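Reading through the structure tokens given below for one structure.
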Amino acid sequence: MINGIININKEKGYTSHDVVAKMRGILKMKKIGHTGTLDPEAEGVLPVCIGKATKVVDLIVDKDKTYEAVLKLGIVTDTQDMTGNIIRTSVVDVDLSRIKEVAESFIGGYEQLPPMYSAVKVNGKRLYELARLGKEIERKPRKVNIHNIEIIDYNPQEHEVKLIIACGKGTYIRTLLHDIGEILGCGGVMMSLLRTRVGEFTIVNSLSLDQVEEYVRAGSIQEHIVLIEDIFSSYPKVIVDSRFSKLIYNGNHFFENHVSSAEDFPSKSSNVFVRVYDSQGHFIGIYKYEWEKKRFSVEKMFL
């Protein structure tokens, strides 16, 4: 039984659900989940949670992400990428300094309107389902955080801009590129997208589905699995005294006087998340420490 996370490098043409289906077939396991939708035409980092690690899907989804994207100016499509129908073309009359100025103006928080071709649900229906029926409905903008935008290449003949974008959860990169194009006055569309980082998961240490299959056949897949506890390596480590093991095995809260040792634990701090272990060194789960009550309360159990 595998419990952990495999950092998949999703190939173009696969949906995130396709990746999960393939992984279920390769690993012969059902309890597998992905950590945030990547468009079929996008590539890159897609951490896949297996077994008990499916409990951390929501935590990984919330992590910051980094992308490499190519914006083509002068074209607008109904999907905001190259898979859609062209609805407008324009002459491009902007220089690199203006493109840089506009792109960098998005750094910080901004209100982003979710695209119709997206997995966002409105009244129980996913927007892309309505879009495929030719319907467009009113959507509410959502605040997203853009930590940094850097232009790393520009082809003025083809009007193509390559960018590195670091952002928070819920950001639609094709919508960001569309919005940059609109402010430039010529429109723009996303040509390609590569996700290079989700939290501590990077493209450098990712595996293709073919590699996963190969490692499973060789019996070495365990070497490529990130343990659940390693996701929380930055959290202080707390070991509970053996006399109070029953408390943590049953998912109960415990107090400071039940702790046998604690590493890097910030004193007089509340709402601090910690990794909790029993006296044998087994990882139990993530707890939240409440300083006023000197109490540790369970957030996620992995027994």
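The values are calculated or read from the model by the stated rules, or taken from the named source; none is laboratory data. Values in this document were obtained by computation on a predicted structure and should not be read as measured data. Note that we place each Cβ from the backbone using ideal geometry, even for glycine, and neighbour counts take in every protein chain shown.
Quick check on my filter: what residues within the stretch 206-217 are buried (at least 19 other Cβ atoms within 10 Å of the Cβ) and β-branched (V, I, T)?
V212, the sole residue that qualifies.
Do we find that E256 is over 23 Å from D58 (Cα atoms) and modelled with pLDDT under 90 in this structure? Full working, then the answer.
On the way: over 23 Å from D58 (Cα atoms): yes; modelled with pLDDT under 90: yes.
It is true that E256 is over 23 Å from D58 (Cα atoms) and modelled with pLDDT under 90.
Can you find a residue that is free of Cβ contacts under 8 Å to residues at least 40 places away in the same chain, in a strand (DSSP E or B) and not hydrophobic (A, V, I, L, M, F, W, C) anywhere in the stretch 33-47?
Scanning the stretch 33-47 turns up at least one residue that is free of Cβ contacts under 8 Å to residues at least 40 places away in the same chain, in a strand (DSSP E or B) and not hydrophobic (A, V, I, L, M, F, W, C).
Given the conditions (1) closer than 29 Å to K169 by Cβ; (2) modelled with pLDDT under 90, report the number of the one that K300 does not fulfil.
Single failed check for K300: (2).
Give the residues of the stretch 172-205 that are under 30 Å from I231 (Cβ atoms), out of contact with any Asp or Glu (no Cβ under 6 Å at 6 or more places or on another chain) and crowded, with 22+ Cβ neighbours inside 10 Å, sorted by residue number.
Residues satisfying the conditions are Y172, I173, L176, R195, V198, F201.
Can you tell me how many residues within the stretch 130-154 are charged (D, E, K, R) and either modelled with pLDDT of 90 or more or within 23 Å of the chain's Cα centre (by Cα) (or both)? Explain how you work it out, then say what you get.
Taking the stretch 130-154 and keeping what is charged (D, E, K, R), we get 132, 135-136, 138-140, 142-143, 150, 153.
Okay, now just the ones that are also either modelled with pLDDT of 90 or more or within 23 Å of the chain's Cα centre (by Cα) (or both), so 139-140, 142-143, 150, 153.
Residues meeting the conditions: 6.
Looking only at residues in the stretch 98-109 that are buried (at least 16 other Cβ atoms within 10 Å of the Cβ) and touching a residue at least 60 places away in the same chain (Cβ under 8 Å), which one is farthest from G187 (Cα to Cα)?
F106
Matching residues to (1) out of contact with any helix residue (DSSP H, G or I) (no Cβ under 8 Å at 6 or more places or on another chain); (2) modelled with pLDDT under 95; (3) not in a strand (DSSP E or B):
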| position | (1), (2), (3) |
| --- | --- |
| T196 | no, no, no |
| E214 | yes, no, yes |
| R217 | yes, no, yes |
| D230 | yes, yes, yes |
| Y235 | yes, yes, yes |
| F244 | no, yes, yes |
| L247 | no, yes, yes |
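Go through (1) in contact with a helix residue (DSSP H, G or I) (Cβ under 9 Å, 6 or more places away or on another chain); (2) in a loop (DSSP other than H, G, I, E, B); (3) not aromatic (F, W, Y) for G84 and report which single condition fails.
All conditions pass for G84, except number (1).
Out of the stretch 48-93, which residues are free of Cβ contacts under 8 Å to residues at least 40 places away in the same chain, among the β-branched types (V, I, T) and closer than 30 Å to K300 by Cα?
T54, V57
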